[in-house]
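All remarks here apply to the structure that follows.
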Amino acid sequence: MGFARTYRVIEGSLVTLFFLQAARVVFAVLLKLTAVVLEGGPFNGLLAIAVVGLLLAAVAPALAPRARSTLPGLLMFAAMGTGAARLIMAVSQPEVQLVGALAVLALGGVYIAALLGANWQRWVGMWIAALVLEQFMRIGNTYDLSLRPWLFVPALGVRLAVPGLAVQAVLSALLIVVSRLARRAARHEPYWPAHLTLAGGAAVGGFLALQMLALALPGAVGRWTGVPHSAISPWFVLATVLPLSGGVRRAMSETLNPFAERLRGWVWLMILLILLVVGNRLDGPGAVSALVAAQFMTVLLLWWLPLPGEPRSPRGSRAAFSLGMLVFAALVTLYGLAFEYMHGLGWLRNQGLLVLLLAAGLLALPRLLPRVADPWLAPPALPRGVAATFIAPVFVLALVISGAGGAQALPAPGPTLRVATYNINGGYDAQGVYQLEAIARTIEAASPDVVLLQEVDAGHPAAYGADQVTVLAKRLGMYAVYYPTVEQLRGLAILSRWPLAEAGGLLLPGDGEQLGAQRARLALGGETVVLVNTRLVPASEETRLEQVAVLLGLLEQGEPAVLAGDFGTALSEQEMRQVSLLGITDPNDALGIEGGYTVPAAAPTARHDFILVRDLTPLDARQVQSAASDHRLVVVEVERVQAEPVGSPGG
């Protein structure tokens, strides 16, 4: 029986992990291509595949066989199919990856629904184990290791490039082997069936949305709270695994005893909602603590989702899980559209938190309904002490991994400074393919000392939940500062080989999309360079001049300065006249460079991206040919006074 339990735990954890990863891929494609259409871009056939495939995947659990005698075979078939489909998902071709992800969602959903009908305690433990595994996959730099086309492994002073497909092949093979072993040992497993009501199904959707959009993304939590994700990750891992302890669940049950039975669920829900609001609206350690507590409370509600016992209608239970997948899809889509409010969706502006609160309300539905027995007091599936033995090492390992990676020594800066600006389009190229690694290689090839980035996502579901600022900073060995403009998770960033001081920014006036300007100081020995980073869009002349005036107000008189970014269009004569009054010049004019076009990236015909300087002598300016984004990277080399470096990078 011990081996049977182990096989099933490993099988269920891997299937659910692959299910979560597939959901990130499908929703990234869905949200990005929807945004392209809302912006007036062409309709991509992949969007239709994603929508239709998602609907079919949601229906699949309701159509699977329901007889008890079919459960062992169904679990094996669904698990093996999930492993094979996850391997297909690792192929670096958008169409193939999407089809593989949809197959993982369908087969993984069938497995998850079937396991609930066989052993509900394994079902609960499977979610927790999968969430912990996914958090470990992100703990280094917030971008899931298994979703990257290449893994760069340091060994003997060099970085070895390992294909992501090879790593996934090992994980898929492990799942297939374990599934076969679990099938052989199935007769030794206990049969503890449970089912989902419609409220339970909706709660599953709410739970998945909260994890997908916020609580399983320490990078996003870090941007909400202003605390580095490396300091947050271990505590979220602990909050996820701690409910496995029967003693902890019993203590939580006793904590609610002073309240009347009908009020306990409402008390739990109100506390959860308050914690989410505090964590989203405030910053610092207090906000982090609130969100860690929210994750703990959210995971504890997993025990309330299934209703133990045989269902009156097996079809109804599976249909409830299908409902959960549809609710999940609706919440993620609604949250993603909150970032696109400027395209005729003004009612969604600044409503991301409201979507999360709605997800929390749906998750708490089963806790609000009366129960004969408290599931937190149910006999634990694991022997006494096993859960505690598992929790401590997991937490310690999370602490070790999150603190891994030391500073990189840098050479002293020379008499010149190389500055770049790059609109990375949320990590996507002009065809809507996620190209974050190609963007990193483009920056690396240009070898800038400072790079000012626009349209940076820091936990957006369309970016696979990755904090692109952290990913690029660690990948390039640079310092980073970030300034949000939309929902705290999209904005501007500056990467630098040396520390940046007095980092901040402000929001720009204007209608439509909320734009902003970021400011920081680069101190190089006794010299300081002021950096201002921005992104503008076409607007009326009055609005543009007002925005430029705000940008110029961030530049202090008498200091060398760089004003750079994506200006959304060519600068007009009046805008250039306004800029020149403060002694700011265009390096292209000083160097006699004509054109300097930056968009579209493949064959540019217009110049939207500028680097303007003051009290710095331009030596060279060029546009880097790369299709990693829909803009080209612009790099300018300027002459400066020799100075000593300050510090070393920490990523």
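The values are calculated or read from the model by the stated rules, or taken from the named source; none is laboratory data. Given the structure is predicted, the values throughout are model-derived calculations rather than measurements. Cβ sites come from the backbone with ideal geometry, for glycine too, and all protein chains shown count toward neighbours. Ligands, DNA and RNA are excluded from the accessible area calculation, which covers all protein heavy atoms including side chains. Shrake-Rupley method; radii C 1.70, N 1.55, O 1.52, S 1.80 Å.
Restricting attention to the range 429-460, and to residues there that are out of contact with any helix residue (DSSP H, G or I) (no Cβ under 6 Å at 6 or more places or on another chain) and hydroxyl-bearing (Ser, Thr, Tyr), which single residue is nearest to Ala561 (Cα to Cα)?
Ser447
In the range 243-296, which residue that is part of a loop (DSSP other than H, G, I, E, B) and small (Gly, Ala, Ser) is nearest to Gly352 (Cα to Cα)? Walk me through it before giving the result.
Quick first cut of the range 243-296, residues part of a loop (DSSP other than H, G, I, E, B) only: 245, 256-260, 282-284.
If we keep only those that are small (Gly, Ala, Ser) as well, we get 245, 260, 284.
Numbers: Ser245: 33, Ala260: 33, Gly284: 20 Å.
Within the range 243-296, the match that is nearest to Gly352 (Cα to Cα) is Gly284.
Can you find a residue in the range 553-564 that is in a loop (DSSP other than H, G, I, E, B), under 23 Å from Val635 (Cα atoms) and hydrophobic (A, V, I, L, M, F, W, C)?
Within the range 553-564, one or more residues are in a loop (DSSP other than H, G, I, E, B), under 23 Å from Val635 (Cα atoms) and hydrophobic (A, V, I, L, M, F, W, C).
Cβ-Cβ under 6 Å, sequence separation 6+ or interchain: first residue in the range 67-88 and more than 19 Å from Ser317 (Cβ to Cβ), partner open to solvent by 20 Å² or more (accessible area, probe 1.4 Å) and among the charged types (D, E, K, R). Which pairs?
Short answer, once both residue conditions are applied: Met76/Arg183.
For Glu444, indicate whether it is part of a helix (DSSP H, G or I), open to solvent by 10 Å² or more (accessible area, probe 1.4 Å) and at pLDDT below 95.
Criteria not met by Glu444.
Go through the range 123-230 and tell me which helices (runs of 4 or more DSSP H), entirely inside it, have 3 or more residues that are more than 27 Å from Leu358 (Cβ to Cβ).
Passing ranges, in order: 164-184.
Would you pick out the residues in the range 101-116 that are under 15 Å from Phe27 (Cβ atoms) and either in contact with a Gly (Cβ under 7 Å, 6 or more places away or on another chain) or not aliphatic (A, V, I, L, M) (or both)?
Result: Leu102, Gly108, Gly109.
Which one of these does Val91 not meet: (1) buried (at least 19 other Cβ atoms within 10 Å of the Cβ); (2) under 22 Å from the mean Cα position of the chain (by Cα); (3) not small (Gly, Ala, Ser)?
In the conditions (1) buried (at least 19 other Cβ atoms within 10 Å of the Cβ); (2) under 22 Å from the mean Cα position of the chain (by Cα); (3) not small (Gly, Ala, Ser), Val91 misses (1) alone.
Scan Ala106, Ala101, Ala155 and give me the residue that is over 23 Å from Gly53 (Cβ atoms) and either modelled with pLDDT of 90 or more or open to solvent by 10 Å² or more (accessible area, probe 1.4 Å) (or both).
Exactly one of Ala106, Ala101, Ala155 is over 23 Å from Gly53 (Cβ atoms) and either modelled with pLDDT of 90 or more or open to solvent by 10 Å² or more (accessible area, probe 1.4 Å) (or both), namely Ala155.
Suppose we filter Ala185, Ala216, Ala231 for residues that are within 30 Å of Ala118 (Cβ to Cβ), at pLDDT 90 or above and open to solvent by less than 60 Å² (accessible area, probe 1.4 Å); which single one remains?
The unique qualifying residue is Ala216.
All but one of (1) closer than 24 Å to Val327 by Cβ; (2) in a helix (DSSP H, G or I) hold for Leu71; state the number of the condition that does not hold.
(1)
Ala320 is checked against (1) under 30 Å from Gln488 (Cβ atoms); (2) in contact with a Ser or Thr (Cβ under 9 Å, 6 or more places away or on another chain); (3) part of a helix (DSSP H, G or I) and fails just one. What number does that condition carry?
(1)
Of the residues Pro645, Pro649, Pro618, which single one is farther than 17 Å from Val530 by Cα and either more than 36 Å from the chain's Cα centre (by Cα) or modelled with pLDDT under 95 (or both)?
Pro649
Of the numbered conditions (1) farther than 24 Å from Pro448 by Cα; (2) touching a strand residue (DSSP E or B) at 6+ places or on another chain (Cβ under 8 Å); (3) not polar (S, T, N, Q), Ala480 satisfies every one except a single condition; which is it?
Every condition holds for Ala480 apart from (1).
Is there a residue being at pLDDT 95 or above, open to solvent by less than 10 Å² (accessible area, probe 1.4 Å), β-branched (Val, Ile, Thr) and not in a helix (DSSP H, G or I) anywhere in the range 464-483?
No, that holds for no residue.
Report, by residue number, each residue of the range 449-464 that is free of Cβ contacts under 8 Å to residues at least 40 places away in the same chain and over 24 Å from Leu417 (Cα atoms).
We begin by selecting, within the range 449-464, every residue free of Cβ contacts under 8 Å to residues at least 40 places away in the same chain; these are 456-457.
Across the range 449-464, the qualifying residue is only Asp457.
State yes or no: is Glu513 of a type outside the set (Ser, Thr, Tyr), in contact with a strand residue (DSSP E or B) (Cβ under 8 Å, 6 or more places away or on another chain) and outside any strand (DSSP E or B)?
When the stated conditions are applied, Glu513 passes them.
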